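The values are calculated or read from the model by the stated rules, or taken from the named source; none is laboratory data. Quick caveat: nothing in here was measured; it's all calculated off a predicted structure. For neighbour counting, all protein chains shown are included, and Cβ atoms are generated from backbone atoms with ideal geometry for every residue, glycine included. Keep in mind that these areas ignore ligands, DNA and RNA; they rest on the heavy atoms of the full protein, side chains included. Shrake-Rupley method; radii C 1.70, N 1.55, O 1.52, S 1.80 Å.
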Amino acid sequence: MTDQRTLFEDDGMQPLAARLRPQTLDEFFGQKHLIGEGKLLRRLIESDKIGSMIFWGPPGVGKTTLARIIAHKTKASFIDFSAVTSGIKEIKQVMEQAEKNRRFGEKTILFVDEIHRFNKAQQDAFLPYVEKGSIILIGATTENPSFEVNGALLSRCKVFVLQALKTEDLTELLSRAITDPRGFGDLRVEMPLELIEMIASFANGDARNALTTLEMAVLNGELDGDKIIVTKEIIEQCTSKKSLLYDKNGEEHYNLISALHKSMRNSDPDAAVYWLARMLEAGEDPLYIARRITRFAAEDIGLADPRALEVAIAAYQACHFIGMPECSVHLTEAVVYMALDPKSNAMESAYNNAKRDAINMLAEPVPLVIRNAPTRLMKDLGYGKGYKYAHDMQDKLSTMQCLPDSLIGTEYYVPTEEGLESKFKARLEEIKAWKKKHSE
């Protein structure tokens, strides 16, 4: 059988990321939603009751590390298998060995890194062995398994979604790397916390990237006696980026997102793209920016172009699927779209006006005619009496009162003439004219 040792072999001096790879769940950073105390994946690993599963997440978040921890915990035979270097022949050899193990009562866990690189025929080769229990399959992928893993195989696996690490997690990891004997604990490394946070921010949730950058910075640090001093200039050289004026938890964070929002509102695509680039290149979470663009789509465009919200949501999903730096182009498309779109703040105005009345008039009763009447008592009290089902009406309209008595005639939604909202305005005017005519 082909020697499959790509995951666990230790040949001499390894990179920092390999030396610091967690050996236990307690050393693992991030993914508390999966391996926190009492969480499902942690219980499965600790009880050695692993079933077939897929780890899905961006690079550097711990997919292979979790597989290694399982390898240390399990009583089963553990085989590391690379989708990059293995074909049908190797799969069959591994499956034959797994089948022999099963006959002797031994479980076999097969870890397949980058399982999305296998074609349908290769994935199909696993299926019968997963079905009859010859192997427990653990796959790792950066691609959506719904699209990249055969449906029959996927239906037999639990999918665990791993998230990009938070900057705080990476900062803690890097700080440990400086003091841990497996890292640079035997050296006297002087590196201010702000520089550690800078690397953590630039890494965009990727632990391997963060540790690799730290290693470069320390190896290129300035020697001062028995000390190694890491400066901001060294960090900038190792990341090929200048330290931009940006603090993700401070005032500049809010200044820049405000600049982006107001540039889009002012229909200035050039300024919008500039502020977008300022944030992304300083290490801002692209999902945070995508969330703000989604808010903008309703707050500043609304029904002037209902598709703006679709564009914003699509950009968010793209950021979630592929991360930085690739998703920068999706965010650029979204901010340019928002900047060039017609503008209307009618949605925000409508809600704010309704919110004011809702807070100041909390006890206004729901009109009896639009109350639900699931019991005889409620019907006897007049709940739902006189209710008119709009779909049964000739014009699909009725004059039925839906606001409380004290708010009759109040208008919250005031449409503009911008973009498609002019059509909604015309429709609203038709509805109001019909109701006025039929009320009289």
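Report, for the stretch 38-192, the % of DSSP beta bridges that are antiparallel, rounded to 5. List each step's numbers first, then the result.
Values: 0 of 18 bridges.
Rounded to the nearest five, the antiparallel share is 0 percent.
Over the chain, give the accessible area per residue in Å² for a 1.4 Å probe, as an integer.
Per-residue accessible area for the chain comes out at 54 Å².
Would you work out the charge dipole size for the stretch 59-108 about its Cα centre, treating the Cβ of every Lys and Arg as +1 and the Cβ of every Asp and Glu as -1, and quote it to the nearest 20 debye?
Numbers: 10 positive and 5 negative charges, 36 e Å.
I would put it at about 180 debye.
Are there any helices in the chain, counted as whole DSSP H runs, that stretch 20 Å or more along their axis by Cα and score at least -1.0 on average by Kyte-Doolittle, and if so which?
251-265, 307-322, 346-360
So, taking all protein chains as they sit and a 1.4 Å probe, how much accessible area belongs to Arg117, in Å² rounded to tens?
Its heavy atoms expose roughly 140 Å² to the probe.
What label, among [x] 0.94; [y] 1.32; [z] 1.39, belongs to Cα Rg over 2.2 N^0.38 Å computed from the structure on display?
[y]
Using a 1.4 Å probe on the protein heavy atoms only, what accessible surface does Asp405 show? Give it in Å² to the nearest 10.
120 Å²
With labels modelled as points extended 7 Å from the Cα through the Cβ direction, what inter-label distance (nm, one decimal) is found for Gln14 paired with Asp186?
1.6 nm
Rounded to the nearest 0.05, what FRET efficiency do Val329 and Leu193 give with R0 = 30 Å and r taken as the Cβ-Cβ distance? Could you check?
0.35
What spacing in nm lies between the two simple spin-label points modelled at Thr399 and Glu411, each 7 Å away from Cα in the Cβ direction?
Result for the modelled spin labels: 2.0 nm.
Suppose only helical runs count, i.e. DSSP H with n ≥ 4. What mean residue ellipticity at 222 nm does that imply for the chain under -39500 (n - 2.57) per run, divided by all residues and rounded to the nearest 500 deg cm²/dmol? Write out the running numbers ahead of the final one.
Values: 20 runs with 213 residues, N = 440.
Roughly -14500 deg cm²/dmol at 222 nm, from the helical runs in the chain.
5 Å is the cut-off here: which amide hydrogens, built 1.01 Å from N in the peptide plane, fall below it relative to Ile228, excluding neighbours closer than 5 in sequence?
Close amide H contacts, sequence-distant or interchain: Arg188, Val189, Glu190.
Can you tell me the Rg and the Dmax, both Å, for the Cα atoms in the stretch 52-162?
Final numbers for Rg and Dmax: 12.9, 38 Å.
Need one word for the stretch 85-129: rounded, prolate or oblate. Basis is the Cα gyration tensor (sqrt eigenvalues a ≥ b ≥ c); a/c below 1.5 gives rounded, then a/b vs b/c decides.
Note, shape of the stretch 85-129 comes out prolate.
With label points built 7 Å along Cα→Cβ from the Cα atoms of Asn353 and Ile88, find their separation and express it in nm.
The modelled label-to-label distance comes out at 6.9 nm.
For the chain, set up a GNM with springs between Cα atoms under 10 Å and report which of Ala334, Ala426, Ala298 has the largest fluctuation.
Result for the chain, Cα springs under 10 Å: Ala426 fluctuates most.
Does the stretch 389-440 come out rounded, prolate or oblate by the C-alpha gyration tensor, with a ≥ b ≥ c the root eigenvalues, rounded set by a/c under 1.5 and, if not, prolate when a/b is larger than b/c and oblate if not?
On the way: a/c = 2.17, a/b = 1.31, b/c = 1.65.
Here the stretch 389-440 falls in the oblate category.
Taking Cβ-Cβ under 4.7 Å as the only way to count a partner, pick out the unpartnered cysteines of the chain.
Cysteines lacking a close Cβ partner in the chain: Cys157, Cys238, Cys402.
Calculate one ³J(HN,Hα) per residue across the stretch 368-383 by plugging θ = phi - 60° into the Karplus curve 6.51 cos²θ - 1.76 cosθ + 1.60, and present them in order as whole Hz with x for glycine and proline.
Per-residue couplings from phi come out as 4, 5, 10, 7, 7, 10, x, 10, 4, 4, 5, 5, 5, 7, x, 5 Hz.
Rounded to the nearest Å, what's the spacing between the alpha carbon centres of the stretch 108-181 and the stretch 265-315? Just the number, please.
With the stretch 108-181 and the stretch 265-315 each reduced to a Cα centre, they are spaced 32 Å.
Determine the shape class of the stretch 344-440: with a ≥ b ≥ c the square roots of the Cα gyration tensor eigenvalues, call it rounded for a/c under 1.5, and otherwise prolate if a/b is greater than b/c, oblate otherwise. Write down the numbers at each step before the final one.
On the way: a/c = 2.54, a/b = 1.39, b/c = 1.82.
Here the stretch 344-440 falls in the oblate category.
Within the stretch 122-149, find all residues whose amide N lies under 14 Å from a label point positioned 7 Å from the Cα of Ser155 along Cα-to-beta-carbon.
It comes to 127-128, 131, nothing else.
Any chance you could run the full-extension gain for Ile322 through Leu219? It's 0.36 nm times the residue separation minus the Cα-Cα distance, nm to one decimal.
34.0 nm
Tally Lys and Arg at +1 and Asp and Glu at -1 over the other residues with C-beta under 13 Å from the C-beta of Phe118: what net charge comes out?
Within the 13 Å Cβ shell, the charges total -4.
Within the chain, what whole-number % of the accessible surface is contributed by carbon and sulfur, with the 1.4 Å probe and all protein chains included in the calculation?
In the chain, the share of accessible area belonging to carbon and sulfur is 52 percent.
Could you compute the net charge surrounding Gly151? Neighbours are other residues with a C-beta less than 12 Å from the C-beta of Gly151; K and R count +1, D and E count -1. Let's see the in-between values first.
Values: positive: Lys120, Arg156; negative: Asp124, Glu148.
Around Gly151, the surrounding residues sum to 0.
Taking the Cα centre of the chain as origin, sum charge times position over the Cβ atoms of Lys and Arg (+1) and Asp and Glu (-1), and report the length of that vector in debye to the nearest 20.
Roughly 2140 debye for the chain.
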